[in-house]
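We did not get these values from a lab; they are worked out from the coordinates using the rules stated. All of these numbers come straight from a predicted model, not from anything done at the bench. FYI the Cβ positions are ideal-geometry reconstructions off the backbone, even for glycines, and counts take in every protein chain you see.
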2 protein chains.
Amino acid sequence: MKRLLAATAMALLPLTALSDTAIRATGDLGLVIERASGSLVLVDRSDRAALARIEGLGDLSHASMTYSPDERFAYVFARDGGLSKVDLLAGEVVARTVQAGNSIGGAISDDGRLVAVSNYTPGGVRVFDADTLELVADVPMAGKTIGLADLPGRRFAWAVWDTGEVFIGDFSGAEPAITSLGVAGANPFDAVVTEDASTYLVGLFGEKGVVAIDLWADPPVTTKFLKDYGKVEDDMPVYKMPHLQGWAFSEGQFVLPAVGRHELLWVDRATLQETGRTPVHGQPVFIIAQPASPYVWVNYATPLNGVVQVVDSRTHDVVKTLEPGRAMLHMEFAPRGAEVWMSSRDDNKVLIYDTRTFEKLAEIDATAPSGIFFTARAHQPGL
Amino acid sequence: MKRLLAATAMALLPLTALSDTAIRATGDLGLVIERASGSLVLVDRSDRAALARIEGLGDLSHASMTYSPDERFAYVFARDGGLSKVDLLAGEVVARTVQAGNSIGGAISDDGRLVAVSNYTPGGVRVFDADTLELVADVPMAGKTIGLADLPGRRFAWAVWDTGEVFIGDFSGAEPAITSLGVAGANPFDAVVTEDASTYLVGLFGEKGVVAIDLWADPPVTTKFLKDYGKVEDDMPVYKMPHLQGWAFSEGQFVLPAVGRHELLWVDRATLQETGRTPVHGQPVFIIAQPASPYVWVNYATPLNGVVQVVDSRTHDVVKTLEPGRAMLHMEFAPRGAEVWMSSRDDNKVLIYDTRTFEKLAEIDATAPSGIFFTARAHQPGL
């Protein structure tokens with residue numbers, strides 16, 4: 001079955017390279033990852049249309065990307081260590097380096113000059129010139145690096161799976177300055193920075209609990225919270241560790257996906273105390289805040305991944321359950337929240353819904369789509 | 001002296017129309033208002049450079065603007081009722097209408113399809129097609145309209161100076177649906193919506209206090225707070241009523257400029273209780289949060305307008321006092337906070353500072369510059 005799906009996926013739906021080189025603004029563009037075929041679909045948000053397919057990106061399972069400050073270039077972090085620079089105006093890959101054997105995500109510095117990649121094999125962080133993709137700094141680590149995030153002042157934070165140690169790298173001077181923040185806990189599997197860059201949140205796989213590091217304190221202060229958080233023996237099987245970039249920050253709260261449970265967990269940002277739980281349809285994967293609203297949208301791990309739910313962050317109640325399509329892998333909001341774009345992998349479509357009426361506005365063909373990334377991310381710290 | 005300054009200002013510093021029509025991204029562009037000459041300087045944030053001057057915008061004193069979702073077009077609201085659509089890629093005005101005798105600001109709908117303008121003479125709100133600037137709806141009011149702000153779902157909020165009444169207009173259907181939220185108080189002089197679109201904050205001139213309207217409650221709930229806020233007889237003279245778009249929302253607080261006093265007022269967002277005051281250099285005009293930081297930056301009314309201060313929103317302490325130039329009228333941050341651009345009207349320069357080192361990175365010539373508007377505003381609710 002898995003092989004059949006992959007074979008289907010490889011038959012790309014018709015869409016060619018960018019045919020026109022007309023003058024075009026970049027504020028409403030985006031890229032959709034076609035994970036099985038190593039390709040991207042360039043989309044125009046205003047026209048709700050696909051503009052072109054860009055191929056040759058490598059292994060895009062669990063791929064992510066980040067944008068240059070002018071919203072012209074995407075830096076695509078493939079799973080096979082490939083780092084590609086995509087020009088959205090030309091609709092093509094303009095630079096590419098296979099910089100490690102296995103990598104997991106990256107980030108761009110706050111001034112847009114440096115792109116950092118988080119590597120598994122060999123473990124460490126490599127930093128590249130955003131213009132040329134030339135190697136600027138190589139920071140080996142004692143294991144797999146995870147949770148790479150940009151901090152203000154040409155800095156990045158990351159954690160090391162094998163040792164549990166958290167680091168901040170400052171690349172603003174002539175030489176990188178690397179500072180350890182100590183051991184957060186056993187086997188950090190992912191980490192994120194809050195949208196105000198105040199707090200680095202680290203999820204642990206090897207022990208229970210979540211770690212918050214207050215980056216505004218000098219020196220940074222580490223606090224463990226949700227001390228029961230994580231997998232236990234008699235829980236349901238964990239189909240997928242949740243993505244922490246799917247944590248939402250809403251109404252003074254963090255919203256976390258329970259691990260191996262069909263629940264959302266709500267935590268007060270100021271006190272780090274749990275304030276509630278919401279029973280939901282399945283094991284949450286992404287929990288994403290709808291801008292300019294009190295709502296978060298949630299998708300689920302296989303086999304319950306045909307449903308998307310909307311939850312009110314004030315009452316913690318599910319207010320809407322949608323069944324938009326098969327294998328709903330990701331959701332991305334228009335930056336002011338008017339619509340949501342959702343990937344239905346097994347229907348080979350990106351579905352566009354109005355967030356007020358919950359009506360489908362349009363759909364776009366894409367081959368086994370997963371992550372959707374709008375250029376508006378360029379302006380947000382931590383993305 | 002005033003006349004001399006104006007005469008100096010009218011002698012525009014050398015800068016021509018956009019000379020190249022090269023392919024260009026729009027995520028890092030911006031416009032600087034040259035108030036005395038009715039012109040704009042198109043700037044490139046990444047290159048820290050002026051690209052072109054755009055002329056013929058009318059009376060730009062107290063002018064503001066908003067951007068299309070693709071970050072290609074600016075809608076400029078002049079004080080003389082002129083509404084101009086500026087194409088940043090072409091560097092020129094592509095549509096213009098003088099739609100009222102006297103207007104004060106405007107907003108763009110969350111889907112980018114409608115532009116609304118807030119008028120003094122005659123009082124009311126006029127709504128235009130964002131593509132063509134054709135009139136779509138005319139909503140007369142019983143007085144001057146102020147504080148026009150976009151709300152999700154093709155809606156706008158505004159208040160009426162003469163009657164104190166607050167309205168929400170819903171333009172999502174075939175006919176506009178206008179709802180009164182009742183009287184907020186005597187002579188609202190400005191209003192803003194919070195960045196999550198939850199709360200409409202109204203400043204009053206005719207009585208003391210500030211009004212918060214909870215738009216997420218059904219029906220909306222109005223609460224008056226800071227009941228001593230406003231001018232009293234023995235206060236210092238009020239050189240300038242503060243702009244409420246200069247209110248910052250930081251660390252769970254609102255930060256308000258005191259009226260006629262040399263103070264910032266801090267209010268807890270959740271309780272609406274005052275939590276502190278910061279003595280500052282002068283009467284604050286704009287208080288703007290530095291993204292990805294705990295800091296707000298403050299400029300001051302004449303005659304103390306040669307100073308800009310940085311205040312820590314955790315301690316409420318002034319942490320830095322800068323004297324960047326003469327008549328510092330406005331500040332705009334790079335969207336991820338790495339640098340701040342500041343207008344020095346009487347030095348005819350826009351000054352660019354690093355927010356970490358407080359060093360000047362560059363300066364750009366502009367004739368009597370006031371407001372600076374980067375295209376990243378396109379993606380922010382309420383701007």
* To do: Sort the stretch A:242-383 into rounded, prolate or oblate with this rule: let a ≥ b ≥ c be the square roots of the eigenvalues of the Cα gyration tensor; rounded if a/c is under 1.5, and if a/c is not under 1.5, prolate when a/b is larger than b/c, oblate otherwise.
  => prolate
* For A:T321, label point 7 Å along C-beta direction: distances to other copies, nm -> 6.2
* To do: Could you work out the Kirkwood radius for the stretch B:62-230, taking every pair of different alpha carbons, averaging 1/r and inverting it, reported in Å?
  => 16.0
* To do: Enter the mean projected area of the convex hull around the alpha-carbon atoms of chain A, in nm², rounded to one decimal.
  => 17.6
* Asked: For peptide A:23-34, how many partner chain Cβ atoms fall within 10 Å of a residue's Cβ, on average?
  -> 6
* Structure fact -> Label points for B:I178 built 7 Å along Cα→Cβ; distances to same position in the other copies, nm, shortest first, come to 6.5
* Give the residue from B:L265, B:N348, B:G173 lying farthest towards the positive end of the charge dipole for chain B; charges sit on Cβ (+1 for Lys and Arg, -1 for Asp and Glu) and the dipole is referred to the Cα centre. => B:N348
* Enumerate the calculated ³J(HN,Hα) couplings along the stretch B:167-173 in order (Karplus 6.51 cos²θ - 1.76 cosθ + 1.60, θ = phi - 60°), each rounded to whole Hz, writing x wherever the residue is Gly or Pro. => 10, 10, x, 10, 10, 7, x
* **For B:336-342, mean number of other protein chain Cβ atoms within 10 Å** => 5
* Asked: Once amide H atoms are placed 1.01 Å from N in the peptide plane, what residues at a sequence separation of 5 or more from A:G276, or on another chain, have their amide H within under 5 Å of its amide H?
  -> A:W266
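If each residue's Cβ is checked for other Cβ atoms within 10 Å, how do B:K85, B:K208, B:K144 rank with the fewest at the top?
Details: B:K85 20, B:K208 16, B:K144 23.
So the ranking, lowest neighbour count to highest, is B:K208, B:K85, B:K144.
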* When each pair of different Cα atoms in the protein assembly as shown is counted once in the 1/r mean, what is the Kirkwood radius in angstroms, to one decimal? -> 26.8
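Taking each residue of B:308-321 in turn, how many C-beta atoms of other protein chains fall within 10 Å of its C-beta, and what is the average? Mind showing how you got there, number by number?
Details: counts 0, 0, 0, 0, 1, 0, 3, 0, 0, 0, 0, 0, 0, 0.
Average neighbour count from other chains, rounded to a whole number: 0.
For A:T222, A:T66, which order do you get if you count the other beta carbons within 10 Å of each Cβ and list the fewest first? Don't skip to the end; give the middle numbers.
On the way: A:T222 18, A:T66 23.
Ranking A:T222, A:T66 by Cβ neighbours within 10 Å, fewest first, gives A:T222, A:T66.
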* With θ set to phi - 60°, apply the Karplus curve 6.51 cos²θ - 1.76 cosθ + 1.60 along the stretch A:204-210 and write out the HN-Hα couplings as whole Hz, x wherever there is a Gly or Pro. => 10, 9, x, 7, 7, x, 10
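Highest mean first, how do B:135-141, B:71-77, B:308-314 rank when packing is the count of other Cβ atoms within 10 Å averaged over residues? Display every interim value, and only then the final one.
Working: B:135-141: 15.4, B:71-77: 26.4, B:308-314: 20.7.
In descending order of packing, they fall as B:71-77, B:308-314, B:135-141.
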* Net dipole in debye of the protein assembly as shown [+1 Lys, Arg Cβ; -1 Asp, Glu Cβ; about Cα centre; nearest 20] -> 40
* Structure fact -> Residue by residue through the stretch A:85-98, the couplings from Karplus 6.51 cos²θ - 1.76 cosθ + 1.60 with θ = phi - 60°, in Hz, x for Gly and Pro, are 9, 10, 8, 6, 6, 8, x, 8, 6, 10, 7, 7, 9, 9
* Structure fact -> Expressed in angstrom and rounded, the centroid-to-centroid distance over alpha carbons for the stretch A:82-149 and the stretch B:307-370 is 32
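State to the nearest 20 debye the size of the charge dipole of the stretch A:242-383 about its Cα centre, where the only charges are +1 on K and R beta carbons and -1 on D and E beta carbons. All intermediate terms of the calculation are to be shown ahead of the outcome.
On the way: 12 positive and 15 negative charges, 37 e Å.
The calculated dipole for the stretch A:242-383 is roughly 180 debye.
Around A:T357, under 12 Å between beta carbons, what's the net of Lys plus Arg minus Asp minus Glu among the other residues?
+1
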* **7 Å along Cα→Cβ, label-point gaps from B:P14 to other copies, nm, shortest first** => 5.6
